[in-house]
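See structure below.
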6 protein chains.
Amino acid sequence: MFDKKFEHFSVGETWISRGRTITEADIVMFSAFSGDWYPLHTDKEYAEKQTPFKQRIAHGMLVLSAATGLQKMDPEIIVAFYGVEKLRFITPTFINDTIHVEMKVLDLQDKQNGTGVVTFEEKVVKQTGETAIIGTFKVLINKENKEG
Amino acid sequence: MFDKKFEHFSVGETWISRGRTITEADIVMFSAFSGDWYPLHTDKEYAEKQTPFKQRIAHGMLVLSAATGLQKMDPEIIVAFYGVEKLRFITPTFINDTIHVEMKVLDLQDKQNGTGVVTFEEKVVKQTGETAIIGTFKVLINKENKEG
Amino acid sequence: MFDKKFEHFSVGETWISRGRTITEADIVMFSAFSGDWYPLHTDKEYAEKQTPFKQRIAHGMLVLSAATGLQKMDPEIIVAFYGVEKLRFITPTFINDTIHVEMKVLDLQDKQNGTGVVTFEEKVVKQTGETAIIGTFKVLINKENKEG
Amino acid sequence: MFDKKFEHFSVGETWISRGRTITEADIVMFSAFSGDWYPLHTDKEYAEKQTPFKQRIAHGMLVLSAATGLQKMDPEIIVAFYGVEKLRFITPTFINDTIHVEMKVLDLQDKQNGTGVVTFEEKVVKQTGETAIIGTFKVLINKENKEG
Amino acid sequence: MFDKKFEHFSVGETWISRGRTITEADIVMFSAFSGDWYPLHTDKEYAEKQTPFKQRIAHGMLVLSAATGLQKMDPEIIVAFYGVEKLRFITPTFINDTIHVEMKVLDLQDKQNGTGVVTFEEKVVKQTGETAIIGTFKVLINKENKEG
Amino acid sequence: MFDKKFEHFSVGETWISRGRTITEADIVMFSAFSGDWYPLHTDKEYAEKQTPFKQRIAHGMLVLSAATGLQKMDPEIIVAFYGVEKLRFITPTFINDTIHVEMKVLDLQDKQNGTGVVTFEEKVVKQTGETAIIGTFKVLINKENKEG
C-alpha cells in the first residue's frame with residue numbers, strides 16, 4: 001500500500017495483498033528463530049490432547065511477521081513506522097492456512113512539514129474468510145510537496 | 001515471568017530476562033522468513049549512504065519476536081494472550097546489539113472465575129541501556145483457586 | 001519487470017531492481033540448503049590460502065537465486081518461464097557485496113494466441129559496477145488481447 | 001563426477017547421483033532465501049485453484065540449486081565453472097518428489113596448457129523417470145600432465 | 001535440571017522436560033545444517049523401499065541436539081560440561097514423533113573446591129514410551145559453599 | 001571413511017576430511033534449531049565480560065553435528081551406527097575457526113555373519129592444530145563376503 005506519497009491517500013481506501021500459506025515448516029522455523037517453543041506451537045501430542053484447538057497453531061508473532069512481508073513498502077515513501085495501536089489475536093492460524101493482508105486507511109494527518117501520518121487498520125485474513133489478527137498502526141510518510 | 005498463578009502476582013513487580021545478541025545472521029534470516037526485504041534491513045550500501053543510521057537496522061518485528069522467546073511462559077499458567085496495547089519502536093537495534101526484556105506488572109484484574117488478567121509493560125532494552133521497544137500487553141492466566 | 005502485459009513491452013527497454021547485500025550468513029545458508037560445501041565457499045582457511053580470490057566467494061547459484069527474488073513477477077502476467085539461454089559467471093560475489101539486477105528486453109515475439117515471448121538479458125551487478133553474472137532468458141507472458 | 005583429472009574422462013561416459021526428496025520445507029526455505037514468493041510456490045489456495053498443476057511446485061532455481069549439491073566436485077580437479085549453455089525446465093517438481101542428477105560427457109577439449117574443458121549434459125530426473133530440468137554446462141578442469 | 005547448586009542434588013532424583021515434535025522440516029534443516037544427507041534421512045524413495053524402517057528417520061545427532069535444548073541450564077550453576085560417556089541410539093525417531101528428555105542423577109562427587117561433579121543418565125523418550133537414545137553424561141557445577 | 005567394505009579396513013589406518021569454517025551464522029542457526037540459547041553461545045556481552053574465553057563459543061553439539069557431515073558414509077556399507085563411547089570436549093571452537101575431522105581405526109571385529117564392527121577414534125581438529133573434540137565410536141558395516 002505504501003508505494004505512493006501522502007497526497008494520494010484518502011480515508012477509507014483499501015488494499016489487499018497476495019496470499020501466503022503458513023506451513024508446519026514455518027512454525028518450526030519461527031519457533032527456532034524466536035526461541036518461543038511454547039508447546040501449543042511445537043508439541044503435537046500436547047496440542048492435540050490438551051488444547052481446545054486439538055492441533056498446533058502458529059505463533060501470533062509469526063503471523064504478524066509474515067504479514068509485514070506481504071505489504072508493499074517503498075523506501076522513497078516511508079519516513080518512520082511509529083508502532084502498533086490496539087492489536088488483537090482473534091482466530092488461530094493453523095498449519096496450511098493461507099493468509100493475506102487487508103489494509104484500510106482510517107485517518108490522515110498532514111504534518112505541514114513535507115510529511116503526513118497515515119493511520120490504518122491492518123487485518124490478517126485466512127482463506128476461510130476469518131480474521132486472524134486485527135490492529136491499528138501509524139506510519140509517517142513523505143508528501144509530494146516537501147514545503148508543507 | 002508467567003511461571004506462577006495469578007494470586008502470586010503483585011502490581012509493580014518486575015522481571016528481567018537473559019540477553020540475546022542480534023546478529024547480521026538474525027537480520028538475514030528474519031528478512032527471509034518474513035519476506036520483508038526493506039533496504040534499511042538488507043541493503044548495506046543503501047543503509048550506510050541513505051539513512052540517518054548509517055548502517056542496517058533490525059526489523060521491529062524481529063526484535064519483538066526475539067523478545068517473546070526471552071520470556072518464561074508456563075502452559076499450566078497461561079490461558080490466553082489477548083494482544084498488544086500501545087506499542088512504540090523507540091531506538092533502532094543494530095547488528096551486534098544485545099537485547100533483554102524487562103517486564104513490569106501494571107494492573108491485576110481478578111475475573112472471579114478461576115482466572116485473572118495481568119496487564120504488564122514490556123520493554124526491550126539494549127546493552128547500552130537504551131529502550132528499543134516499549135509496549136503494554138494483556139494476558140489471561142490461571143488462579144490457584146479454580147472456584148473464584 | 002513482468003508486471004505488465006506483452007503489448008506494453010518494447011525492445012531495448014530496461015528495468016533495475018532494488019539491492020541486496022550478500023552476507024556470510026547467506027553463503028552459510030545456501031551451502032546448507034544446496035548441499036554444495038565446496039571449500040571455496042565454506043572453508044575460510046582454504047579460500048584465503050589456496051585460491052586467487054584470497055577469500056570465500058558466493059556460489060554462482062546463490063547469486064542467481066537471490067536475483068530471481070529481486071525481480072517483479074506478476075502471476076497475472078507470466079504464463080511460463082522457458083529457461084536460460086547462455087549464462088556466464090563473470091566476477092565473483094564476495095561477502096558483503098551488494099547486488100542488484102538489470103534487465104533489458106532483447107526481443108519480442110507475438111505468438112498470435114493471446115501470448116508473447118519476451119527474450120531479455122539479465123545482469124547481476126555489484127555495488128562496484130562490475131557484472132557478476134550475465135545471461136539471456138525467455139519467458140512467455142499474456143497479452144491484453146486474448147484473441148490474438 | 002568431477003573427482004578425476006581430464007585425461008580420465010571420455011565422451012559419452014555417464015554419472016548418476018544419490019537422490020534427494022524435495023519437501024514442502026525445502027520450498028518454504030527456498031522462497032525465504034531467494035525472496036521469490038511467487039504464489040505458484042507459496043500459496044496453496046492459489047496453486048490448487050488457479051494453476052494447471054493443482055498444487056504448489058518447487059522453484060526451478062531450487063531444483064537447480066539442489067542439483068549442484070548432488071554432484072561430486074573435487075577442488076583439486078576443478079579450475080573454473082564457465083556457466084550454463086541452453087537450460088530448459090521441462091517437468092515441474094512437486095512436494096515429495098525425489099530428484100537425482102544424471103550427467104553425460106558431451107565433449108572434451110584439451111587446452112594444451114595443463115587443463116581441459118569438459119562439456120556435459122546435466123539432467124535432473126524425478127523418481128517417476130521424468131526429466132525435470134535438462135541443460136548443457138562447461139567446466140575447466142586440471143590435467144595430470146601440467147605441461148600440456 | 002541444572003538450575004540449582006550442587007548441595008541441592010541427590011542421587012536418584014529425576015527431572016522431565018517438555019516435549020518437542022520432530023517434524024520433516026527439522027530433518028530437512030538438520031541435514032542442511034550438518035551436511036549429513038545420508039539417504040536414510042533425506043531420500044523418501046530409498047527410505048521406503050530399501051530400509052527396514054520403510055520411512056525416513058531423524059539423524060541421531062538431530063535428536064541429541066534437540067535434547068540439549070529441552071534441558072534447563074543456568075549459567076550461574078554450570079562450570080563445565082565434561083562430555084559424554086557411553087551413548088546408544090536405541091529406537092529411531094520418525095517424522096512427527098514427539099520427544100522429551102528424562103534425566104536421573106547417578107552419582108555426586110564433591111570436589112571440595114566450591115564445585116562438584118554430577119553424573120547423570122539422560123534418556124530421550126518418544127510419545128510411544130520407547131527410549132530413542134540413552135547415555136551417561138558428566139557436568140561440573142557450582143556449590144553454595146565456595147570455600148569447600 | 002566408510003566408503004569401502006569391512007575386509008578393506010586395517011587397524012591404525014587414518015582418514016582426514018575437508019574443512020568447514022564455523023561462522024557466527026552457524027552458531028545462531030544451531031542455537032535456533034536446538035533451542036539451546038545458553039548465553040555463552042548467544043549473548044556477546046555475557047561471553048565477553050563473564051567467561052574465561054572472552055567471546056562466544058560454538059555449542060559442543062554443533063561441532064559434533066558439523067563433524068558428521070564432513071565424513072564420507074556410503075549407504076551400501078553402513079549397517080548400523082552403534083553410538084558413542086567416551087567423548088570429551090577439549091578446546092572450544094570460536095567464531096571463524098575452521099574444523100576438519102581426523103579418523104583412525106582402533107579395532108576391527110569380524111561378526112562372521114557378513115558384517116563387522118569398526119571401532120574408530122574421531123577427532124575434530126581446528127586450523128590451529130588444537131583438538132576440539134575427541135571420542136570413540138562403533139559402527140557395524142558390511143563385508144564383501146556375505147556368507148561369513
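The values are calculated or read from the model by the stated rules, or taken from the named source; none is laboratory data. Predicted model only: the values in this text are computed from it and were never measured. All Cβ positions, glycine included, derive from the backbone under ideal geometry; neighbour counts span all protein chains shown. These accessible areas exclude ligands, DNA and RNA; they are computed on the full protein's heavy atoms, side chains included. Shrake-Rupley method; radii C 1.70, N 1.55, O 1.52, S 1.80 Å.
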Scope the range D:14-42; condition assigned to a strand (DSSP E or B), of a type in the set (Gly, Ala, Ser) and more than 7 Å from every other protein chain (Cβ to nearest Cβ); matching residues: D:17
Neighbours by Cβ (under 6 Å, 6+ apart or cross-chain): first from the range A:104-127, within 18 Å of residue A:89 (Cβ to Cβ) and among the hydrophobic types (A, V, I, L, M, F, W, C); second open to solvent by 60 Å² or more (accessible area, probe 1.4 Å) and assigned to a strand (DSSP E or B): none
Every pair of residues 6+ apart whose Cβ atoms lie under 7 Å, when the first sits in the range C:128-144 and is over 24 Å from residue C:77 (Cα atoms) while the second is polar (S, T, N, Q): C:130/C:91; C:131/C:91; C:132/C:91; C:132/C:93
Residues of the range D:43-57 classified as out of contact with any strand residue (DSSP E or B) (no Cβ under 7 Å at 6 or more places or on another chain), open to solvent by 20 Å² or more (accessible area, probe 1.4 Å) and not in a loop (DSSP other than H, G, I, E, B), total: 3
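A quick yes/no check of all residues on (1) touching a residue at least 24 places away in the same chain (Cβ under 8 Å); (2) more than 20 Å from residue C:137 (Cβ to Cβ):
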residue: D:7; (1), (2): yes, yes
residue: D:24; (1), (2): yes, yes
residue: D:38; (1), (2): no, no
residue: D:41; (1), (2): no, no
residue: D:55; (1), (2): yes, yes
residue: D:61; (1), (2): yes, no
residue: D:71; (1), (2): yes, yes
Residue list for the range E:110-148, filter: out of contact with any Phe, Trp or Tyr (no Cβ under 8 Å at 6 or more places or on another chain), open to solvent by 10 Å² or more (accessible area, probe 1.4 Å) and assigned to a loop (DSSP other than H, G, I, E, B): E:111, E:112, E:113, E:127, E:128, E:129, E:130, E:145, E:146, E:147, E:148
Those residues of the range A:24-36 which are of a type in the set (Val, Ile, Thr) and surrounded by 24 or more Cβ atoms within 10 Å (Cβ to Cβ), in sequence order: A:28
Some residue of the range A:99-119 being among the β-branched types (Val, Ile, Thr), under 21 Å from residue B:35 (Cβ atoms) and either modelled with pLDDT under 95 or touching a helix residue (DSSP H, G or I) at 6+ places or on another chain (Cβ under 9 Å) (or both): yes
Checking residue E:138 against (1) modelled with pLDDT of 95 or more; (2) under 13 Å from the mean Cα position of the chain (by Cα), the condition it does not meet: (1)
Of all residues in the range A:1-16 being at pLDDT below 95 and surrounded by fewer than 22 Cβ atoms within 10 Å (Cβ to Cβ), the one that is nearest to the chain's Cα centre (by Cα): A:2
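Yes or no, residue by residue, for (1) under 26 Å from residue D:27 (Cα atoms); (2) out of contact with any Ser or Thr (no Cβ under 6 Å at 6 or more places or on another chain):
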residue	(1), (2)
C:37	yes, no
C:51	no, yes
C:55	no, yes
C:62	yes, yes
C:77	yes, yes
C:85	yes, no
C:112	no, yes
Boolean, residue D:73 is farther than 25 Å from residue E:23 by Cα and hydrophobic (A, V, I, L, M, F, W, C): yes
Residue C:46 vs. criteria within 29 Å of residue D:19 (Cα to Cα), in contact with a Pro (Cβ under 9 Å, 6 or more places away or on another chain) and modelled with pLDDT of 95 or more: yes
Matching residues in the range B:110-134 - criterion: being within 13 Å of chain A (Cβ to nearest Cβ) and among the aromatic types (Phe, Trp, Tyr): none
Those residues of the range E:58-109 which are away from every other protein chain (no Cβ under 11 Å), assigned to a strand (DSSP E or B) and either closer than 24 Å to residue F:71 by Cβ or open to solvent by 60 Å² or more (accessible area, probe 1.4 Å) (or both), in sequence order: E:94, E:104, E:106, E:107, E:109
